[in-house]
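The values are calculated or read from the model by the stated rules, or taken from the named source; none is laboratory data. Everything quoted here is computed from the prediction, not taken from an experiment. Cβ sites come from the backbone with ideal geometry, for glycine too, and all protein chains shown count toward neighbours. Note: accessible area is taken over every heavy atom of the protein model, side chains too, but ligands, DNA and RNA are not part of it. Shrake-Rupley method; radii C 1.70, N 1.55, O 1.52, S 1.80 Å.
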Amino acid sequence: MKRILIFAFATFLFSSCDDNDDTTDVQPVENAKTTITFDARVGNADFALNKDFTIGSRTYNFSKLRYWVSNVTLIDAKGTEYLIPDSYYLMEEVGDLNLSGTISDSLTYPARKRESIDVEDIPAGEYKSIKFSIGIDAKHNDNLSLQAGELSIANGMSNIAWMWHTSYIFSSVAGSVKEGTTSASFLAETGLNANYKTVSIDFAAPVNFSTAKGLVLNLDITKVIDGIDLIKTPKVNAAQAAVMSALATNYGTKALTFGSLSN
Amino acid sequence: MKFLKKNLLYTVGLSLVLTACGKEESVDPEPLNFQFVVPDNFPQPVWDTENPMTRNGIELGRMLFYDVRLSGNNKISCASCHDQKLAFSDGKALSSNGVSGTVLHRHTPALINLAWANNGLFWDGGSTNLESQAFGPLTAADEMQQDLFELVDELNNVPEYVKQFDLVFEDKISSQNIVKALAQFQRTLVSSNSRYDKFRRNEPGGDLSPTELHGLELVRQKCQSCHAGELFTDNSFHNNGIDADFDNDQYEGLFQGRFRVSYNPADLGSFKTPTLRNVALTAPYMHDGRFTNLEDVIDHYSQKILVSPTLDKQIPNNGFQFSVVEKEAIMAFLKTLTDEEFVTNSEFSSPR
């Protein structure tokens, strides 16, 4: 009786190491580091929680804004891509979140505003654009045991119950909306591999990160919810596949734009 | 029965992915070496979860599978609901073995040949792999209701675990490493030594009686479009006509089956095809355990099909209309799928 054998040996995997070393072949140049800020805005105003904003004929008051930014890649003038290692970042503006009963009996996620990521060891060069995704790539989305960057099931941005799909919630905006006498509390979320969106943004002029201190991208909430009727569909999730996909497309196509560079 | 015999050597990911950790690593492949033996009559399993199986990893997974520390009240282990004697099922229609003591909404499936289950776990297929899946029972209030932070603390108090996790993952205890070890153990739960298998492989003890052979023929014709191949499942989702009304969307679509995951109307009332292996040991049957014995199941397929727009086309509206002789033959054949070695193999039993 012959047998078919699979040798699953020697596949030694260190998915993440505590001491953070560079993983690129390119020799990093001293000081090539920068801060990338995702500046949340409502049109021309700065985004804030618990504050009324008028968008069209409606008044919105937001209680939460969270989204995963992943696989951030800088592209130089020659088209060479530098993928920031382990780049999974949870961008957010939230008050205290009660996450009890998710992975812990009583768990409070403290209020937090996070708009920036610090990037180090950028190979020398003139960069012309940036590419990143909103959401989590299929490989990591389908496997909650993979550890990379800030990926975690402890922050309320994943589904681990069998209710839905064991995967990450890509984005989540909550609040209330009013128009005349009608109002609704909404929770608009995206997820599922099909809604993983990659955004490419060109810089106004080539950027040298050994001098440029910071890069600002704008996230405009009016564009995020553009075309989504949150009074009619206040709960956007996998059960409203079409609306969820429209919402994800908004993140992928128009909500994020180039803001500014600081030198 | 002649098989095309191949002798394939697969080297799964000989890749040594070392993202330089600064310190020197001495790689000793010996304790890592684990040979996943694919039974001759089985297809190749496919999984890609960056969780290579090692002997130590499997052993750690087994310790965890049988350890009541994994539950919030330290009274329940995975094995409380997945009992080896019953091919890792629990003999109940709907279990109330969980920490909360409440009745679960779904019947506990047997855990058999999970290394091949690559199209979604759970009755609705909502979980993509064994690694992600384990977070479900660990945290669900009506199952193990475990606080994952507490669990890591608890295991850190057991020197044996600290040592084992370090050995297996060269890492500290984390919930991610816990689910990885559990997955490694569960992938070893291969059932391939039933009388039917021996028959397929022309091995001693592989004789089927004329009635059983008749049953095999009927199962091939009528059942194997879904309970397909040597795994007796196509790992896919079908409406097999046990219900016809799926309007009730309570409990986040509990009664709507695969639809609650895919939101595709064609999936209303579809559930994952369970394997027929060891089926004589895994009563009661279906996603809610509604049928107490195999006779009921065969009667269902024979003449009790409930017709709805999503009823699978492989099943005639008025059932397969089996004769008494045919029913007995199918029953006789299903019993040849029982694998005594699987339910008694000490490598799958509690390590204590």
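Okay, here's what the table says:
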read-out	value
Principal axis dimensions, chain B - Cα atoms, whole angstrom, descending	69, 50, 36
Normalised contact order of chain B, rounded percent, pairs of Cα under 8 Å and 6 or more residues apart	20 percent
For the stretch A:82-189, Kirkwood radius (reciprocal of mean inverse C-alpha pair distance, Å)	16.5 Å
Rel. contact order, % - alpha carbon contacts under 8 angstrom, at least six apart, the stretch B:111-230	24 percent
Prolate/oblate/rounded label for the stretch B:46-178 (Cα gyration tensor, a/c 1.5)	oblate
Prolate/oblate/rounded label for the stretch B:244-352 (Cα gyration tensor, a/c 1.5)	oblate
Heavy-atom accessible area, 1.4 Å probe, ligands and nucleic acids excluded: residues of the stretch B:158-197 down by at least 30 Å² from chain alone	B:GLU170, B:GLN176, B:LYS180
Helical mean residue ellipticity (222 nm; -39500 (n - 2.57) per DSSP H run of 4+; nearest 500) of chain A	-2000 deg cm²/dmol
Peptides B:331-342, B:123-134 ordered by average Cβ neighbours within 10 Å, highest first	B:123-134, B:331-342
Charge-dipole axis of the protein assembly as shown as Lys and Arg at +1 and Asp and Glu at -1 on Cβ define it, positive-most pick from B:ILE58, B:VAL219, B:ALA93	B:VAL219
10 Å Cβ neighbours from other chains, averaged over peptide B:270-280	0
Charged-residue dipole, Cβ positions (Lys, Arg, Asp, Glu), the stretch A:34-262 about Cα centre, Debye nearest 20	560 debye
Reachable lysines from A:LYS33, criterion Cα separation under 21 angstrom, eight or more residues apart if same chain	A:LYS78, A:LYS128, A:LYS131, A:LYS213
Surface share of carbon and sulfur [accessible, 1.4 angstrom probe, percent] for the stretch A:34-262	50 percent
Dimensionless Rg ratio for the stretch B:186-230, taking C-alpha atoms and the 2.2 N^0.38 Å reference	1.29
Under 18 Å between alpha carbons - lysine pairs in the stretch B:267-352 that sit 8 or more apart or on different chains	4
Gyration tensor (alpha-carbon) shape descriptor, the protein assembly as shown, a/c threshold 1.5	prolate
Calculated FRET value between A:LYS213 and A:ASN61, using beta carbons and R₀ = 30 Å, to 0.05	0.30
Dipole in debye (nearest 20) - chain B, about Cα centre, beta carbon charges: Lys, Arg +1; Asp, Glu -1	840 debye
The stretch A:128-206 - Rg and Dmax from Cα coordinates, angstrom	16.4, 50
Radius ratio Rg over Rh of the stretch A:34-262, counting only Cα atoms, Kirkwood formula for Rh	0.97
